[in-house]
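Since the structure comes first, as structure tokens, the remarks are kept for the end.
Nothing in this text is a laboratory measurement; each read-out follows from the coordinates by a stated rule. Since this is a predicted model, take the numbers as computed values, not measurements. We place every Cβ from the backbone using ideal geometry, glycine too, and count neighbours over all the protein chains shown.
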Amino acid sequence: MSTVSFLKNIRAALISIAGSLAAICIGLLLVAIFLVAVGRNPVETYIGIFTSAFGGSFAITETFVAATPIMLTALAVAIAGWVGLLNVGAEGQLYLGAIGATMIAITIPNAPSWQMIPAMFVVACLFGAVWSGVPAILRAKFGVNETIVTLLLNYVALLLVEFLIHGPWQDPSSSSWPQTMAFSDAAQLPHLFASRVHPGLFIGIVMAVFFAFLIPMTKPGFIIRVIGGNPKAAAYAHLPVVKYIIISMLVSGAIAAIAGFGQVSAIEGRLRSGISPGYGYTGFLVCWLARHNPLAIIIVSIFVGGLLSGADSLQLSTKLPFATVNIMQGTIFLTLLMFENIIQRFSSATVEAKTPEANI
Amino acid sequence: MKNIFLPIVAAISLFVIMPPVSQAATDNKVPLKVGFITVGPKTDWGYNYAHEQGRIYMQSHMPKQIETEIVENVPESAEAERVMEKMIARGARLIFSTSYGHYEPALRVAARHPDVVFEQCGRVEKDTKNLATYFAKQYQPMYVSGMVSGKMTKTNNIGFIAAHPVPQVLQNVNAFTLGARSVNDKVKVHVVWTNSWSDPPKEAEAAKGLIDTGCDILTMHLDSPITVVQTAEKNGIYSVGYHTDLNKFAPKGWLTGEAWDWGPLYVKIANTVINHSFKPGNYRYAMNDGYTKLSSFGKVVPKSVQQEALALEKKIEKGEYVVFQGPLKDRNGKQLLAAGQKPTLDFIESMNWVVPGVEGSLTAK
């Protein structure tokens, strides 16, 4: 029984990935019209983007670097989605993770890395869980809409970072530039394969695989699916709905926070305001494209990471202005979202399900 | 014994394999690939536009020796590392990291690529082998612009909309105020911080707020001067520009301002890399080098004031007057330089104080 549901899970993942790919191709066709209009060869342009994203070990590792926070935040959105909640706050939870990690890195700067890294990790997760815990409790106890609360908390998180880097945590040696001091070597996550890829990528993949087993094959997974399918029925059946909603949201926030921990510890080496160019929102999009399927999230976030990282080549080899990057990404995301409906119809016919939660 | 031997051999062979910076940087037959990154759009009529104009000048003056490429809208974060790495992978051997916050990413990339030369606009480098900083003393024309403003203001209240309270920006706030008060000691310069190099809605809001409180001249230190200049023009007050000459955008209210001309410097820098004479360091150029200039005067500036400003410009160029020379006191009355003392590079580049006449908090919050 459980093997069957795991296979179903893989089939659902494949359908989402194939659908996303088809949609990306149609988006690229639309952008090609634009490229021809501005006098560029679309084939050469796309080869340039592909090479810049996947051509050679350096390009691939940079794609993984961009995919890591997207994968983690997409998983965070998925976990909340399985119990029927919309967590739009992955961006804010990411920033809280960054704040938590930074707090440890700058308060005990001389600690050795075997103490430092675990402490940063735990505190980052705790901070992220607090940020998602507030909307979880408001939702579970008072029925407050979690979509609004998580979304608005994103802005609070950003302002909190601004406050810290302009105020108490500002680097005393950087003459009013809004950033914290550089982390000590012990507080910087090791890089892998002589690149900027860091262990966050593997945390993301391991988590995704773990959930791909947990949700369809275990008792807690079953309860989550029932709550996600129909919370009223679940409550009627005396399932611990409140407990599961709160735990799911706490885990969701903690996983988004790992993305923030990775950004400050492995990528920036300090806290500053631009650590995420909207990874939390991109993660939200990726989660829906992957139809909340953890295995599909792995692949789709690598696609999208490649799209973000490869876009540099539009300016470098094709000599187009930055606005073209927005046009291309906007068009592709739009076609992806429009195709979401079509994919859903197709796969619900085969997997007999309509809600993304029930596909797991 | 074995395990000591291997690292030593490895270290020696590294020295043998790794050629010195200047030699590896170029080969005369192949054009030098030059990469530029800018924090904002290269069409902003301001800071990034000025760098783009420099790049175009450089490309057209040495078409055979160099090949340039530019990536705009590069955030001041590790995103910049990725873009610079991609440029290097494509063969760039000289990289201009043009924004203040591109410095930390540039340092990291520079450490990984000893055979690539980095040129950082502004900031102060210490102990780098393949990274130099360059800047022109933009506060000299701003001092002269301040003097013109001191003559032109009727309300004695001038608004200054500024991005971040970093030394580069404080230099302008202080030089402008000193210039204004050198001819009119009633002048007050009201500073508003926007916390961002570019945030047009916030800039327009700050401009309107300053106009409402009675300022009749606005100036700025932002990536693009255009929002503030146009808001001032619409409200019938004067403006002093920064980065580019915007006389034609504000025919009624334009006074003057600072404008960059990076092109000739970029040609000079590229040549140091091509003929192996690059040396790291902190290069600062003055008004007489021509990379920072006084903008044209607006129609409203009387001839007498124009002549006085040009005379002051001459005096500064000849070194007869040094901006920030002693005696110099900060707003709280603390003595910074005694009479006759000249400011050093460190003194100017670590500026974290404001002179009397500057109103408003020194921090952004």
Using a simple charge model, +1 on the beta-carbon of Lys and Arg, -1 on the beta-carbon of Asp and Glu, nothing else, what dipole does chain A show about its Cα centre, in debye to the nearest 20? 860 debye
Quick one: work out the % antiparallel among DSSP beta bridges in the protein assembly as shown, nearest 5. 15 percent
Fewest to most neighbouring Cβ within 10 Å: what's the order for A:His238, A:His191? A:His238, A:His191
Which of A:Ala129, A:Ala111, A:Ala194 ends up with the largest GNM mean-square fluctuation for chain A, with Cα atoms connected below 10 Å? A:Ala194
Pick from B:Phe36, B:Phe249, B:Phe176 the residue whose mean-square fluctuation is largest in a GNM of chain B, springs joining Cα atoms under 10 Å. B:Phe249
Averaged across B:66-77, how many Cβ atoms of other chains sit within 10 Å of each residue's Cβ atom? 4
Neighbour counts of other C-beta atoms within 10 Å: give me B:Asp212, B:Asp199 arranged from fewest to most. B:Asp212, B:Asp199
Here the whole-number average of other chain Cβ atoms within 10 Å per Cβ of A:314-326 is 4
If amide H atoms are modeled at 1.01 Å from N in the peptide plane, then the residues at a separation of 5 or more from B:Thr219, or on another chain, having amide H under 5 Å from its own are B:Gly159, B:Phe160, B:Ile161, B:Val240
Where does each of A:242-253, A:322-333, A:198-209 land if you order them by average Cβ count within 10 Å, highest first? A:242-253, A:198-209, A:322-333
Counting only C-alpha contacts under 8 Å and six or more residues apart, can you give the relative contact order of the stretch A:2-359 as a whole percent? 36 percent
Can you tell me the equivalent ellipsoid semi-axes for the stretch A:2-359? Use √(5λ) from the Cα gyration tensor, largest first, whole Å. 31, 30, 18
For chain B, go through all pairs of different Cα atoms, get the mean of 1/r, take its inverse, and jot down that Kirkwood value in Å. 21.6 Å
Looking only at Cα atoms, what is the convex hull volume of the stretch A:182-274 per residue, in Å³? 128 Å³
Which whole DSSP H helices in chain A pass both tests: a Cα extent of 18 Å or more along the axis and a mean Kyte-Doolittle value no lower than 0.0? A:2-37, A:57-82, A:90-107, A:113-142, A:146-166, A:200-217, A:241-262, A:294-310, A:322-351
Under the definition of partner shielding as Cβ atoms of other protein chains within 10 Å of a residue Cβ, what is the mean value for peptide B:34-41? 1
Residue pairs, from the table B:Lys33/B:Lys248; B:Lys29/B:Lys318; B:Lys252/B:Lys314; B:Lys64/B:Lys86, whose Cα atoms sit over 32 Å apart: B:Lys33/B:Lys248; B:Lys29/B:Lys318
Taking the Cα centre of the protein assembly as shown as origin and charging only Cβ (+1 Lys, Arg; -1 Asp, Glu), how large is the dipole, in debye to the nearest 20? 300 debye
Taking the Cβ of B:Ser296 as the center, what net charge do the other residues with Cβ under 11 Å away carry, scoring Lys and Arg +1 and Asp and Glu -1? +2
Among A:Val130, A:Gly143, A:Tyr46, whose Cα lies farthest out toward the positive end of the dipole of the stretch A:31-163, if unit charges sit on the beta carbon of Lys, Arg (+1) and Asp, Glu (-1)? A:Gly143
What net charge is computed for the residues neighbouring A:Thr102, neighbours being all others with C-beta under 14 Å from the C-beta of A:Thr102, Lys and Arg scored +1, Asp and Glu -1? -1
What does the charge count near B:Gly326 come to, summing +1 for each Lys or Arg and -1 for each Asp or Glu among other residues with Cβ under 14 Å from its Cβ? +2
Determine the dipole magnitude for the stretch B:222-335: charges of +1 sit on the beta-carbon of Lys and Arg, -1 on that of Asp and Glu, nothing else is charged, the reference point is the Cα centre, and the result goes in debye to the nearest 20. 160 debye
Would you kindly calculate the translational diffusion coefficient of the stretch B:234-311, applying Stokes-Einstein with the Kirkwood radius from alpha carbon pairs, for 37 °C and a viscosity of 0.692 mPa s, and quote it in µm² s⁻¹ without decimals? 223 µm²/s
Computed over the Cα atoms of the stretch B:176-311, what is the ratio Rg over Rh, Rh following Kirkwood? 1.04
Which of B:Ser182, A:Ser265, B:Ser295 comes first, and how do the rest follow, when ranked by fewest Cβ neighbours within 10 Å? B:Ser182, B:Ser295, A:Ser265
Debye calc, one equal point scatterer per Cα of the stretch B:25-146, no solvent, log10 I(q)/I(0) at q = 0.11, 0.12 1/Å comes to -0.37, -0.44
Inverse of mean 1/r across different Cα pairs in the stretch A:20-77, Kirkwood, Å: 13.1 Å
Report relative contact order for chain B in percent, whole number only (criteria: Cα-Cα under 8 Å, sequence separation at least 6). 18 percent
Exceeding the 25 Å Cα-Cα cut-off - candidates B:Lys202/B:Lys299; B:Lys42/B:Lys202; B:Lys202/B:Lys293; B:Lys268/B:Lys303; B:Lys42/B:Lys151: B:Lys202/B:Lys299; B:Lys202/B:Lys293; B:Lys268/B:Lys303; B:Lys42/B:Lys151
What's the Cα-based Rg to Rh of the protein assembly as shown, Rh via Kirkwood? 1.01
How many nm separate the modelled label positions at B:Val183 and A:Val209, each set 7 Å beyond the Cα in the direction of the Cβ? 7.4 nm
